[in-house]
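Following: one structure in C-alpha cells, then a few remarks.
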Amino acid sequence: MKKLYGIGTGPGAADLLTVRATNVIKEADVIFAPNNKGTNMALDTAKEYIENKKVVLIDFPMGNVTKEDYKKAAEIIFNEIPVDKSGAFLTIGDSMIYSTFIYVMKELEDKDIEIEVVPGIPSFVAASCASKIPLTVKGDSFLLCDEYDETLMDKFDSIAVLKTFKNKEELLNKLEENDFNYTYVKRASLDKQEIISDKEEILKDTDYISLILGRKQEV
Ligand SMILES: C[S@@+](CC[C@H](N)C(=O)[O-])C[C@H]1O[C@@H](n2cnc3c(N)ncnc32)[C@H](O)[C@@H]1O
C-alpha cells in the first residue's frame, strides 16, 4: 500500500527537526512541498536529509484555494507515490496547524493510501522560547489564531497571532486598548531571527515568517 507522511519540519532551524521526521524523510521515496514561488522554508530546513530524492512542488493559487485545488494536489500526490512506497509532505512548524496538509489529507481519505502525521515544533512555541515570553502559566487561557477576533479579547490571558503581515496596526491597537503587552517575533530559530517590541519597528516589517505574542498586563 502507498503511504503518505505529513511532516512538520519545525520553525526553520535544521536542528529543530525531530529525529522521527529526519528518519521518515530519509526513508521516503518522494518529497512533496507547497510551491512558494521558488523558496520553501520546509525544504530548506530538511535539505540535508532529502539529498537527491525526487521533489514534487505542488502549486496552490494565491489567495482563495478551493476544494478543487486540494483535490488536484491529492491526485498528484497519489499518482507520484509508487505502489508500496512512501512520500513525505513537508510543512513548516507542525502539519496540523494552519497547514495545506490538513486539506490535502482530507482529499486523500477515500483513496487507497495510508496517512501518518509526524509532529513538528510549532512556530509560536519556537517564538515563545526565543523571546522567553511564556505562552501559559497556571490558570491561563491561551488563544492561537490567524485572524484575530476582538469579541474574544476578554476570554484569554495570552495570544499568538500568526500570519501578521496583514492588519498589523489594527491588531496592535486592539491589544493596547485591551491592556495586552505584545512582542513581534520574526524568523524564530533562524539566523535572521528578530524580537521586536517597538510598535513603529513592528509596523515597518513585512516578513511573512513572523508572528505576534501578546500577554495580558498584570495590574
Ligand atoms: C501557514 S502558517 C503555518 C503555521 C505552522 N504550521 C506552525 O505550526 O507554526 C504560516 C505562519 O506561521 C508563522 N511562522 C512559521 N514559522 C515561523 C518562524 N520561524 N518564526 C515566526 N513565525 C513563523 C508565521 O506567522 C507564518 O505567517
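Nothing in this text is a laboratory measurement; each read-out follows from the coordinates by a stated rule. Quantities reported herein were computed from a predicted structural model and do not represent experimental measurements. Methodologically, a virtual Cβ is constructed for each residue, glycine included, from the backbone with ideal geometry; neighbour enumeration extends over all protein chains shown.
Among Phe165, Phe101, Phe124, which one shows the biggest mean-square fluctuation in a GNM of the chain, springs joining Cα atoms closer than 10 Å?
Comparing Phe165, Phe101, Phe124 in a Gaussian network model of the chain, the most mobile one is Phe165.
Considering only the chain, what is the antiparallel percent among its DSSP beta bridges, to the nearest 5?
Percent antiparallel among DSSP bridges in the chain is about 40.
Taking the Kirkwood radius as the inverse of the mean 1/r across Cα pairs, report the Rg/Rh of the chain.
Rg/Rh: 1.01.
So what are the ³J(HN,Hα) numbers for the range 176-188, from phi and the Karplus equation (6.51, -1.76, 1.60; θ = phi - 60°), rounded to whole Hz, Gly and Pro as x?
Karplus-based 3J(HN,Hα) across the range 176-188 equals 4, 4, 9, 6, 9, 7, 9, 9, 9, 10, 10, 6, 3 Hz.
How much length is gained if the chain between Lys166 and Glu51 is pulled fully straight, taking 0.36 nm per residue apart and subtracting their Cα-Cα distance, in nm to one decimal?
Using 0.36 nm per residue and subtracting the Cα-Cα distance, I get 37.8 nm.
Just round it to a whole percent: the fraction of Cα-Cα distances in the range 123-216 exceeding 23 Å.
Counting every Cα pair in the range 123-216, those more than 23 Å apart make up 14 percent.
Measuring from a point 7 Å past the Cα of Gln217 along Cα-to-C-beta, which residues in the range 179-193 have an amide N at less than 14 Å?
179-183
Subtract the Cα-Cα distance of Asn178 and Asn64 from 0.36 nm times their separation in residues, and report this length gain in nm to one decimal.
Result for the pair: 37.9 nm of gain on full extension.
Taking the chain as a Gaussian network, where each spring joins two C-alpha atoms under 10 Å apart, which residue of Thr39, Thr100, Thr164 fluctuates the most?
In the Gaussian network model the winner is Thr39.
Would you please give the residues with an amide H less than 5 Å from that of Glu116, counting only those at least 5 places away or on a separate chain, with H modeled from the backbone geometry?
Residues meeting the amide H criterion: Leu4, Tyr5, Gly6.
On full extension of the chain, what length is gained from Lys204 through Glu109, given 0.36 nm per residue of separation minus the C-alpha to C-alpha distance?
Result for the pair: 29.9 nm of gain on full extension.
Per DSSP helix of 4 or more residues, -39500 (n - 2.57); summed, then divided by the residues of the chain. What does that give at 222 nm, rounded to the nearest 500?
The per-residue figure over the chain is -8500 deg cm²/dmol.
Could you state the number of Å between the C-alpha centres of the range 109-132 and the range 1-75?
If we compute the Cα centre of each part, the gap is 12 Å.
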